[in-house]
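Everything below concerns the one structure shown next.
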Amino acid sequence: MEILIDDDIPLDKWQEMLENNHYATPFQSPAFFNLYRSDPNNSAKAIAISDSGVLKALAVLTLQDEGGIKGFFSKRGIIYGGPLVNSYEHNELELLIKEITTAGQRRSIYLEIRNYSDYSQYKDIFIKEGWNYVPYYDIQINLQYETKESLQKIFNYNRRREIRQSLERGATYFICSNDEQMKKVYNILKQNYKERVKLPLPDLDFFLRYFHTQELIVFGVLHNSEIIGGAFCPVLKNRKLFTFYYCGLRLYHKKIFPTHLAILAAMEYCIENSIPVFDFMGAGRPDVEYGVRKYKLEFGGDLLEYGRFIKINNRFLFYVGKLGIKASSIFKP
């Protein structure tokens, strides 16, 4: 077996694996790797295991750093979606995990693999290599047999009512086609993160570059010629769409719900483009109440406990960083 790093990975073999692997997401694509690798605030490593010219396992490790004091306590390596691997290739996955650990241990306080598929058959391999399994929910909605006319039947009553009220008052939704539209959606997202979420958010340039890869679909919500919300959704053609970020102006109108419409726009896009799976992404830990989980489930779908794998490289900085995040969420201005 051979270990391939970054540009040593043949793009045609990489793309072929992405198209045919059960675990594929847009977060393991060459475009996503290059997006992070070329970002001035972050970096990335692509690691693949090859045998006789055939790729057997692959991962894109994003290395994220906010900079400054806060960044010092939150340097992290994240693999979105999990590695690409075939079900019978345990030895290849074990070697890949070793390489991921080595690549990230000196450049991050912790490493995290956020699973959007079922990796339970590999759990023992991760634990053997010093990783911990943390239960964590994901929400996915199967849209394969839905139509635009039947879609809202899977929503709960309040969601249907609020969407109807929004549309009756003239709110609409669309796919952003240029940078200016995308920027307006981003500014709403940035404001929400600054005022309420209090978590790291990539800068505008990151989103612009991702938008230009055409692997990120940006939806906008419009009312009275003003963009009032939207969603940023990475797409794996004919396979899955992910709600990476979504947002809406808070308290814009008591009977207009821009976030609902942004999600509806993304779901209808899936139906129109034969994308069977709508992935709402993270929905919190099973043992912790989480309002976002409740909100997402009101659109229907399945609550799936795919969990996360975490490798802590510096326990002191890791727990200090967690305390800092908790404190900042408690003492909001």
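The values are calculated or read from the model by the stated rules, or taken from the named source; none is laboratory data. Only a predicted model underlies this, so the values are computations on that prediction, with no experimental measurement involved. Methodologically, a virtual Cβ is constructed for each residue, glycine included, from the backbone with ideal geometry; neighbour enumeration extends over all protein chains shown. SASA here: full protein model, heavy atoms, side chains in, ligands and nucleic acids out. Shrake-Rupley method; radii C 1.70, N 1.55, O 1.52, S 1.80 Å.
Can you pull out the residues in the stretch 112-133 that are of a type outside the set (D, E, K, R) and open to solvent by 30 Å² or more (accessible area, probe 1.4 Å)?
The answer is Ser120, Gln121, Ile127, Gly130, Asn132, Tyr133.
Taking Leu208 as the residue in question, decide whether it is open to solvent by 10 Å² or more (accessible area, probe 1.4 Å), hydrophobic (A, V, I, L, M, F, W, C) and under 25 Å from Asn115 (Cα atoms).
Answer is no for this residue.
Taking the stretch 48-81 on its own, how many of its residues are polar (S, T, N, Q), at pLDDT 90 or above and touching a Lys or Arg at 6+ places or on another chain (Cβ under 9 Å)?
Final tally of qualifying residues: 2.
Does any residue of the stretch 226-238 turn out to be part of a strand (DSSP E or B), of a type outside the set (Ser, Thr, Tyr), surrounded by fewer than 19 Cβ atoms within 10 Å (Cβ to Cβ) and at pLDDT 95 or above?
Yes, the stretch 226-238 contains at least one residue that is part of a strand (DSSP E or B), of a type outside the set (Ser, Thr, Tyr), surrounded by fewer than 19 Cβ atoms within 10 Å (Cβ to Cβ) and at pLDDT 95 or above.
Counting only residues that are assigned to a loop (DSSP other than H, G, I, E, B), open to solvent by less than 50 Å² (accessible area, probe 1.4 Å) and either among the aromatic types (Phe, Trp, Tyr) or closer than 19 Å to Ile5 by Cα (or both), how many does the stretch 90-111 have?
Qualifying residue count for the region: 1.
Does Gly77 satisfy the criteria of being on the phi > 0 side of the Ramachandran plot and in contact with a helix residue (DSSP H, G or I) (Cβ under 8 Å, 6 or more places away or on another chain)?
No; evaluated as a whole, the condition is false for this residue.
Being in contact (Cβ under 8 Å) with a residue 24 or more places away in the chain, outside any loop (DSSP other than H, G, I, E, B) and surrounded by fewer than 20 Cβ atoms within 10 Å (Cβ to Cβ): is that true of Ala46 here?
The answer is no for Ala46.
Take the residues of the stretch 139-177 that are under 19 Å from Pro234 (Cβ atoms) and in a loop (DSSP other than H, G, I, E, B): which is farthest from the chain's Cα centre (by Cα)?
If we take residues in the stretch 139-177 being under 19 Å from Pro234 (Cβ atoms) and in a loop (DSSP other than H, G, I, E, B), then Ser177 is farthest from the chain's Cα centre (by Cα).
What tally of residues in the stretch 242-275 results from selecting those that are out of contact with any Gly (no Cβ under 9 Å at 6 or more places or on another chain), part of a helix (DSSP H, G or I) and open to solvent by less than 60 Å² (accessible area, probe 1.4 Å)?
Total satisfying the criteria: 8.
In the stretch 283-291, is there at least one residue being out of contact with any strand residue (DSSP E or B) (no Cβ under 7 Å at 6 or more places or on another chain), of a type outside the set (Ser, Thr, Tyr), more than 18 Å from Ile163 (Cα to Cα) and in a helix (DSSP H, G or I)?
Among the residues of the stretch 283-291, at least one is out of contact with any strand residue (DSSP E or B) (no Cβ under 7 Å at 6 or more places or on another chain), of a type outside the set (Ser, Thr, Tyr), more than 18 Å from Ile163 (Cα to Cα) and in a helix (DSSP H, G or I), which makes the answer yes.
Return only the number of the condition from (1) closer than 13 Å to Cys247 by Cβ; (2) part of a strand (DSSP E or B); (3) open to solvent by 40 Å² or more (accessible area, probe 1.4 Å) that Arg196 does not satisfy.
The number of the failed condition is (2).
Being under 17 Å from Pro234 (Cβ atoms), of a type in the set (S, T, N, Q) and surrounded by fewer than 21 Cβ atoms within 10 Å (Cβ to Cβ) is the filter here; which residues of the stretch 1-37 pass it?
Gln15, Asn21, Ser29, Asn34
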